[in-house]
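S.K.: Attaching a single structure in structure tokens format; questions to follow.
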Amino acid sequence: MPAEGEEMRSPESSTFADLPQRAAAVVERLRARSPRVHCITNTVAQNFTANVLLAAGCIPSMTLSAEEIGSFVAGANALLINLGTLDVERRQATDIAVTTAAERGVPWVLDPVFVDRSAARAEFARGLLACGPNLVRLNEAEFATLAGAPAERTSAAQFADAHGCVVAISGKADLVSDGARVVQIANGHPWMSQVTAMGCAGSALVAACLAAADDSFAASVAALLLLGIAGELAAAHAKGPGTFAANILDALSTLDASTLIARARIA
Amino acid sequence: MPAEGEEMRSPESSTFADLPQRAAAVVERLRARSPRVHCITNTVAQNFTANVLLAAGCIPSMTLSAEEIGSFVAGANALLINLGTLDVERRQATDIAVTTAAERGVPWVLDPVFVDRSAARAEFARGLLACGPNLVRLNEAEFATLAGAPAERTSAAQFADAHGCVVAISGKADLVSDGARVVQIANGHPWMSQVTAMGCAGSALVAACLAAADDSFAASVAALLLLGIAGELAAAHAKGPGTFAANILDALSTLDASTLIARARIA
Amino acid sequence: MPAEGEEMRSPESSTFADLPQRAAAVVERLRARSPRVHCITNTVAQNFTANVLLAAGCIPSMTLSAEEIGSFVAGANALLINLGTLDVERRQATDIAVTTAAERGVPWVLDPVFVDRSAARAEFARGLLACGPNLVRLNEAEFATLAGAPAERTSAAQFADAHGCVVAISGKADLVSDGARVVQIANGHPWMSQVTAMGCAGSALVAACLAAADDSFAASVAALLLLGIAGELAAAHAKGPGTFAANILDALSTLDASTLIARARIA
């Protein structure tokens with residue numbers, strides 16, 4: 001679709017002019033709805049992810065047990081599948097969770113952590129991509145592994161189009177595309193990459209926003225703005241990555257629509 | 001037992017007048033004894049639970065391995081069974097741990113996390129209730145699932161009486177009953193519900209206090225006062241749930257008997 | 001080797017006079033190289049360990065899956081095997097990881113957590129000792145269990161000599177020996193023992209330094225100075241163990257060579 005590709009590379013600025021307002025509306029609905037977000041995520045990330053969701057006003061759950069996960073996903077408003085520390089139980093849980101999400105219409109996010117470090121994991125991730133996630137969130141190395149191309153506007157749009165999902169690629173600036181639209185979000189702070197599970201927690205926040213929006217693209221932009229701007233606010237109160245991790249939770253719990261609109265850096 | 005029910009609903013205030021002093025004595029013995037507390041708890045809660053126990057002067061251990069857990073429980077002064085993120089290994093570990101605790105007279109606490117979200121988990125929790133925990137700690141939704149009645153003074157006392165244990169129900173105010181006695185503890189701070197594992201860590205603290213007291217009722221009151229008052233002190237130094245989580249550990253490590261007595265809000 | 005033993009008990013101070021400078025050089029190479037450190041560690045410690053490694057400028061990974069761990073270890077610059085919360089999956093992962101490390105020349109650290117609490121674990125640890133770790137890090141009770149002798153300069157040197165590795169024993173002061181040399185490092189702060197996983201994270205930092213130095217002895221000294229001095233700096237900004245845990249990450253991320261040399265307390 002070369003025409004779309006052209007449009008993506010030089011979008012009229014008016015196209016996305018209302019995106020901060022739409023993202024702010026998603027965040028307000030997130031606070032109002034307190035969605036239940038079930039997370040299959042790695043043990044490194046579980047605690048921080050739960051705290052990020054709680055700070056944002058959501059209700060996290062994390063069980064993996066084959067007997068239970070169906071009930072948890074069926075009762076959830078969104079689902080996160082994160083492949084970090086993949087193991088047998090997590091793979092079984094993932095199969096049940098994805099099937100339940102499809103049956104119940106629960107939106108889900110795939111975060112294929114470290115697919116660039118393990119062929120077995122990349123294979124498993126490709127199988128999940130075929131199951132129809134609403135959104136895929138990953139970093140540049142992970143994107144390159146799954147897309148077979150470096151992360152930029154055109155490849156992001158092609159990947160989203162090919163897999164029928166939104167893709168959100170984290171990097172110095174985040175790229176988000178649903179195939180038709182591509183934006184770059186420049187909010188955030190360097191300390192975000194020095195706190196483990198920041199990316200994983202960000203993917204959980206994207207899942208939470210999917211539960212608060214009809215438009216997956218706006219939901220993804222909302223979540224990334226929320227996290228990135230919280231990071232900027234937190235950095236002002238922190239002296240390094242340790243105090244920053246505590247302060248970003250504080251910032252997430254109070255960040256309001258007007259601050260989000262005022263600070264959004266979308267291109 | 002309507003007479004007891006009556007008494008419970010309108011206890012003479014003198015009945016519990018010395019409860020803060022007795023709770024403070026439990027906390028002082030806790031600091032002096034440094035009990036070993038073995039915790040079967042969910043992976044989300046393990047780190048914060050260990051830090052809460054360390055801050056309170058205890059020695060946590062968390063292993064789940066079938067070959068090892070018997071030794072750990074036999075060498076512990078108290079045991080916590082928390083059902084969050086229940087899985088096959090945790091269920092096997094629980095069976096061994098509960099059997100060992102019964103043989104060795106190690107007091108134990110059951111925290112039936114999320115039984116309201118999964119029938120399989122509620123079933124497993126009922127089996128554990130029949131094994132004779134010294135104390136059951138749970139929130140209002142979990143209590144309603146296991147007790148078949150909403151959480152209030154009479155139902156709490158009936159539940160404790162029926163199961164031969166102390167019950168501690170967390171909510172805006174905590175309810176504690178051993179069947180004969182019921183008290184309400186109003187200490188705490190709203191940020192406590194925005195930090196993951198705060199309830200799980202509180203249950204571990206109850207287990208620790210069981211190891212420092214002959215009276216499970218006083219032990220439970222002591223632990224809930226300790227955590228709730230630490231929360232109030234921490235909030236004064238925090239700007240949100242992230243900095244609050246760090247500050248509650250600071251407060252737990254220094255909270256003394258006189259502060260506990262002065263701030264206790266028991267009704 | 002009585003002559004060596006004599007020398008160890010009364011080393012000429014000149015022998016270790018340049019050790020702070022050599023340790024500082026290791027830390028500078030650590031920052032420059034950003035080594036990948038794969039950690040098989042317990043679920044309590046994973047998050048804090050990852051944050052310590054990130055704060056120090058390293059890239060942590062933590063997967064345990066049998067299909068994947070070979071790839072992760074082969075691509076890593078150092079490996080940590082920590083036995084806390086030992087289970088079936090971790091034991092399988094450990095076998096694969098140690099074999100891969102031997103084949104690829106990846107240096108590895110053994111941290112035999114709690115071998116004093118479980119005979120099964122002590123047995124497993126002895127098997128791993130025979131596989132040739134570059135370094136063993138443990139506390140005094142764990143050392144006594146594996147060495148059959150209390151921790152002091154001579155027994156440390158004998159243990160290191162017998163197993164062909166460096167040994168680092170944590171305590172009020174840390175003892176480090178490679179058989180020929182023994183030093184005591186007195187940096188640190190009491191709050192370090194009130195934060196869970198501080199020791200585990202320290203062992204991960206030792207592994208990271210092994211990836212940045214040819215000399216395992218200097219690497220170990222570097223890691224222990226880095227953590228101990230970061231602890232001293234963090235304590236100045238903290239009010240208790242909770243805020244201390246955040247501040248030690250801040251301190252680790254900025255601690256420079258000149259501060260390390262100025263504050264090193266080696267005897």
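The values are calculated or read from the model by the stated rules, or taken from the named source; none is laboratory data. Because the structure is a prediction, the values reported are computed rather than measured. Every residue, glycine among them, receives a Cβ derived from its backbone with ideal geometry; neighbour counts consider all protein chains shown. Note: areas computed on protein heavy atoms with side chains; ligands, DNA, RNA excluded. Shrake-Rupley method; radii C 1.70, N 1.55, O 1.52, S 1.80 Å.
S.K.: Quick check on region A:99-110: of everything there that is of a type outside the set (A, V, I, L, M) and in a helix (DSSP H, G or I), which residue is least open to solvent (accessible area, probe 1.4 Å)?
M.R.: Residues of region A:99-110 of a type outside the set (A, V, I, L, M): A:99-100, A:103-105, A:107-108.
In the following step, the residues that additionally are in a helix (DSSP H, G or I) were identified as A:99-100, A:103-104.
On the way: A:Thr99: 75, A:Thr100: 16, A:Glu103: 135, A:Arg104: 150 Å².
Here the answer is A:Thr100.
S.K.: Of the residues that sit in region B:114-131 and are open to solvent by 20 Å² or more (accessible area, probe 1.4 Å) and modelled with pLDDT under 95, which one is nearest to the other protein chains (Cβ to nearest Cβ)?
M.R.: The residue in question is B:Ala120.
S.K.: Restricting region A:27-44 to residues that are part of a loop (DSSP other than H, G, I, E, B) and more than 10 Å from chain B (Cβ to nearest Cβ), which is most open to solvent (accessible area, probe 1.4 Å)?
M.R.: A:Ser34
S.K.: Which residue out of C:Asn77, C:Asn42, C:Asn82 is out of contact with any helix residue (DSSP H, G or I) (no Cβ under 6 Å at 6 or more places or on another chain) and under 28 Å from B:His38 (Cβ atoms)?
M.R.: That would be C:Asn42, the only listed residue that is out of contact with any helix residue (DSSP H, G or I) (no Cβ under 6 Å at 6 or more places or on another chain) and under 28 Å from B:His38 (Cβ atoms).
S.K.: If I filter region C:214-226 for residues that are more than 12 Å from chain B (Cβ to nearest Cβ), open to solvent by 30 Å² or more (accessible area, probe 1.4 Å), in a helix (DSSP H, G or I) and of a type in the set (A, V, I, L, M), do I get at least one hit?
M.R.: Scanning region C:214-226, I find no residue that is more than 12 Å from chain B (Cβ to nearest Cβ), open to solvent by 30 Å² or more (accessible area, probe 1.4 Å), in a helix (DSSP H, G or I) and of a type in the set (A, V, I, L, M), so the answer is no.
S.K.: A further question on this structure: Mind checking whether some residue in region C:163-185 is out of contact with any strand residue (DSSP E or B) (no Cβ under 6 Å at 6 or more places or on another chain), open to solvent by 10 Å² or more (accessible area, probe 1.4 Å) and in a helix (DSSP H, G or I)?
M.R.: yes
S.K.: Okay, next question. Looking at C:Ser193 and the list (1) open to solvent by 10 Å² or more (accessible area, probe 1.4 Å); (2) under 21 Å from C:Leu30 (Cα atoms); (3) without any contact (Cβ under 8 Å) to a residue 40 or more places away in the chain, which single condition is not satisfied?
M.R.: Result: C:Ser193 fails condition (2) only.
S.K.: Which of the residues spanning region B:232-255 are outside any helix (DSSP H, G or I) and touching a residue at least 40 places away in the same chain (Cβ under 8 Å)?
M.R.: The answer is B:Ala238, B:Gly240, B:Leu255.
S.K.: Which of the residues spanning region C:135-153 are among the basic types (Lys, Arg) and surrounded by 21 or more Cβ atoms within 10 Å (Cβ to Cβ)? Give the steps one after another, and end with the answer.
M.R.: Of all residues in region C:135-153, those among the basic types (Lys, Arg) come to C:137, C:153.
C:Arg137 - this is the single residue of region C:135-153 that is among the basic types (Lys, Arg) and surrounded by 21 or more Cβ atoms within 10 Å (Cβ to Cβ).
S.K.: Report whether or not B:Val115 is in contact with a Leu (Cβ under 7 Å, 6 or more places away or on another chain) and more than 19 Å from B:Ala102 (Cα to Cα).
M.R.: Taking the combined requirement at face value, the residue satisfies it.
S.K.: A further question on this structure: From C:Ala234, C:Ala156, C:Ala204, C:Ala251, grab the single residue that is surrounded by 21 or more Cβ atoms within 10 Å (Cβ to Cβ) and within 14 Å of chain B (Cβ to nearest Cβ).
M.R.: Of C:Ala234, C:Ala156, C:Ala204, C:Ala251, the one residue that is surrounded by 21 or more Cβ atoms within 10 Å (Cβ to Cβ) and within 14 Å of chain B (Cβ to nearest Cβ) is C:Ala234.
S.K.: Which condition from (1) more than 10 Å from chain C (Cβ to nearest Cβ); (2) open to solvent by 10 Å² or more (accessible area, probe 1.4 Å); (3) closer than 26 Å to B:Glu142 by Cα is the one that B:Asn47 breaks?
M.R.: The number of the failed condition is (1).
S.K.: On to the next question. Under 19 Å from B:Gln46 (Cα atoms), more than 10 Å from chain A (Cβ to nearest Cβ) and of a type in the set (Val, Ile, Thr) - does that describe any residue in region C:58-66?
M.R.: no
S.K.: Exactly one condition in (1) in contact with a helix residue (DSSP H, G or I) (Cβ under 8 Å, 6 or more places away or on another chain); (2) within 20 Å of B:Gln194 (Cα to Cα); (3) not in a loop (DSSP other than H, G, I, E, B) is false for A:Ile69; which is it?
M.R.: It fails just one condition, (2).
S.K.: Does A:Ile229 fit the bill of being in contact with a helix residue (DSSP H, G or I) (Cβ under 7 Å, 6 or more places away or on another chain), buried (at least 22 other Cβ atoms within 10 Å of the Cβ) and either assigned to a strand (DSSP E or B) or at negative phi (or both)?
M.R.: yes
S.K.: A follow-up question, please. Scan region C:111-125 for residues that are without any contact (Cβ under 8 Å) to a residue 60 or more places away in the chain and either assigned to a helix (DSSP H, G or I) or under 25 Å from C:Leu205 (Cβ atoms) (or both) and jot them down.
M.R.: Listed by number, the residues that qualify are C:Pro112, C:Phe114, C:Val115, C:Asp116, C:Arg117, C:Ala119, C:Ala120, C:Arg121, C:Ala122, C:Glu123, C:Phe124, C:Ala125.
S.K.: Further, regarding this structure: If a residue has to be open to solvent by 10 Å² or more (accessible area, probe 1.4 Å) and either more than 18 Å from C:Leu86 (Cα to Cα) or without any contact (Cβ under 8 Å) to a residue 12 or more places away in the chain (or both) to count, how many in region C:50-64 make the cut?
M.R.: 5
S.K.: Tell me, please, whether a residue that is modelled with pLDDT of 95 or more, surrounded by 23 or more Cβ atoms within 10 Å (Cβ to Cβ), closer than 18 Å to B:Cys165 by Cβ and out of contact with any strand residue (DSSP E or B) (no Cβ under 7 Å at 6 or more places or on another chain) can be found in region B:69-92.
M.R.: Checked region B:69-92: no residue is modelled with pLDDT of 95 or more, surrounded by 23 or more Cβ atoms within 10 Å (Cβ to Cβ), closer than 18 Å to B:Cys165 by Cβ and out of contact with any strand residue (DSSP E or B) (no Cβ under 7 Å at 6 or more places or on another chain).
S.K.: Sticking with this structure for a sec: Among the numbered criteria (1) open to solvent by 10 Å² or more (accessible area, probe 1.4 Å); (2) assigned to a helix (DSSP H, G or I); (3) within 10 Å of chain C (Cβ to nearest Cβ); (4) at pLDDT 95 or above, which single criterion is violated by B:Ile96?
M.R.: Checking B:Ile96 against (1) open to solvent by 10 Å² or more (accessible area, probe 1.4 Å); (2) assigned to a helix (DSSP H, G or I); (3) within 10 Å of chain C (Cβ to nearest Cβ); (4) at pLDDT 95 or above, the one that fails is (3).
S.K.: May I pose another question? Please determine, by comparing only the residues of region C:16-26 that are in a helix (DSSP H, G or I) and open to solvent by less than 70 Å² (accessible area, probe 1.4 Å), which one is farthest from the other protein chains (Cβ to nearest Cβ). Give the derivation first.
M.R.: First, pick out the residues of region C:16-26 that are in a helix (DSSP H, G or I): C:16, C:19-26.
Now narrow it down to the ones that are open to solvent by less than 70 Å² (accessible area, probe 1.4 Å): C:16, C:19-20, C:23-26.
Details: C:Phe16: 31, C:Leu19: 27, C:Pro20: 23, C:Ala23: 21, C:Ala24: 20, C:Ala25: 23, C:Val26: 20 Å.
This residue is C:Phe16.
S.K.: Any residue in region A:72-94 that's aromatic (Phe, Trp, Tyr): show its pairings with residues that are crowded, with 23+ Cβ neighbours inside 10 Å at Cβ separation under 7 Å, as long as the two are six or more apart or on different chains.
M.R.: A:Phe72/A:His38; A:Phe72/A:Ser61; A:Phe72/A:Thr63; A:Phe72/B:Ser118
S.K.: To continue, here is another question. Check off (1) at the interface with another protein chain (Cβ under 9 Å from one of its Cβ atoms); (2) open to solvent by less than 10 Å² (accessible area, probe 1.4 Å); (3) within 25 Å of A:Thr41 (Cα to Cα); (4) in contact with an Asp or Glu (Cβ under 7 Å, 6 or more places away or on another chain) for A:Thr243 and give me the number that stays unchecked.
M.R.: (2)
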